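*Asks:* This is the structure I want to talk about, given as structure tokens.
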Amino acid sequence: MLSDVLLFVAVGFAAQLVDGAIGMAYGLTSTTVLLSLGVPPATASASVHAAEVFTTGASALSHWRLGNVDAALFRRLALPGILGGAAGAYLLTEIPGDAVQPLVSVYLGIMGGLVLWKALRSRPARETPPRYVGALGLAGGFLDAIGGGGWGPLVASTLAGAGTKARFVIGSTNAAEFLVTATISATFVLTIGLDLWPIILGLVIGGVLAAPFAALAARKMPDRPLMILVGVVIIILSLRGIVQSFIL
């Protein structure tokens, strides 16, 4: 029991350090580990989102205190993300989540390339987010629930690819993710319940410990290296998803 908790403390710490610093990959990393252990997709997503209620809350608070959150962007993402997350969590209890994974992976690869292109162009960051933020939040919340992760890669990568300032993309998407994750978790509790409490506890402890360090990294790193790092992570996650789709 203790060894299981300590294992997932390490997993949660590493996943949140990446997620809080570049706006993505906590859910995808944690869910991948659970699936590799034979946990069903709906149970894995439910467990990870239960842990993320705590880790995203800590991350959102850290980003807010360090001035990384754009209030207007946060508001435009939060409500659509909540609606999409609830719909996706409910649907995952009815159909296999693997059905949409190849399409998501291809999209991530395209967005990863776009982020890298934007970073290397030396184009000035936008002062205002693009107009389609609401639709983006809706899709991000839906796919995050279906795939056990994906809010960050979909939302943060698209906003960064549109040229929005990286610091505010990361801080605002992390802050909105707290509300989206809480909604997804509540939906799972009402439909299938929660198990695997040692895993959830380990992910929570590791993620909460890492959140302040990740927010500080997002504040201190210059925009261009941060965007390049985001693009590389997105492409790696995309390739992983595509390979898994062919293997499975």
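*Asks:* Relative to the longest principal axis of the C-alpha atoms of the chain, give the angle of the C-alpha long axis of helix 26-36, reported between 0 and 90° and rounded to the nearest 10°.
*Replies:* Its long axis makes an angle of about 30 degrees.
*Asks:* Moving to a separate point now. Between 0 and 90 degrees, rounded to the nearest ten: what's the tilt of helix 166-191 against the longest Cα principal axis of the chain?
*Replies:* Roughly 20 degrees, rounded to the nearest 10.
*Asks:* While we're here: Once you've got the GNM for the chain with C-alpha springs shorter than 10 Å, pick whichever of ALA166, ALA14, ALA50 has the biggest mean-square fluctuation.
*Replies:* ALA14
*Asks:* If one takes the longest principal axis of the Cα atoms in the chain, at what angle in degrees, from 0 to 90 and to the nearest 10, does the Cα axis of helix 133-147 lie?
*Replies:* Around 30 degrees separate the two axes.
*Asks:* Could you tell me whether the range 135-241 comes out rounded, prolate or oblate from its Cα gyration tensor? Rule is a ≥ b ≥ c as square roots of the eigenvalues, rounded for a/c under 1.5, then prolate if a/b exceeds b/c, otherwise oblate.
*Replies:* Taking the square roots of the gyration eigenvalues as a ≥ b ≥ c, the range 135-241 is prolate.
*Asks:* For LEU66 and LEU7, FRET efficiency with R0 = 41 Å and r from the beta-carbon atoms, rounded to 0.05?
*Replies:* About 0.85, to the nearest 0.05.
*Asks:* Ranked by Cβ crowding within 10 angstrom, fewest neighbours first, how are TRP197, TRP64 ordered?
*Replies:* TRP197, TRP64
*Asks:* Here's something else I'd like to know. How much mean residue ellipticity at 222 nm does the chain get from its helices, if each DSSP H run of length 4 or more adds -39500 (n - 2.57) and you divide by all residues, to the nearest 500 deg cm²/dmol?
*Replies:* Per the formula, -27000 deg cm²/dmol.
Taken together, the values in this text are just the output of simple stated rules run on the coordinates, not laboratory data. Worth saying up front: this structure is predicted, and the values here are computed from it rather than measured. A quick note on method: Cβ atoms are made from the backbone with ideal geometry, for glycine too, and the neighbour counts reach across all protein chains shown.
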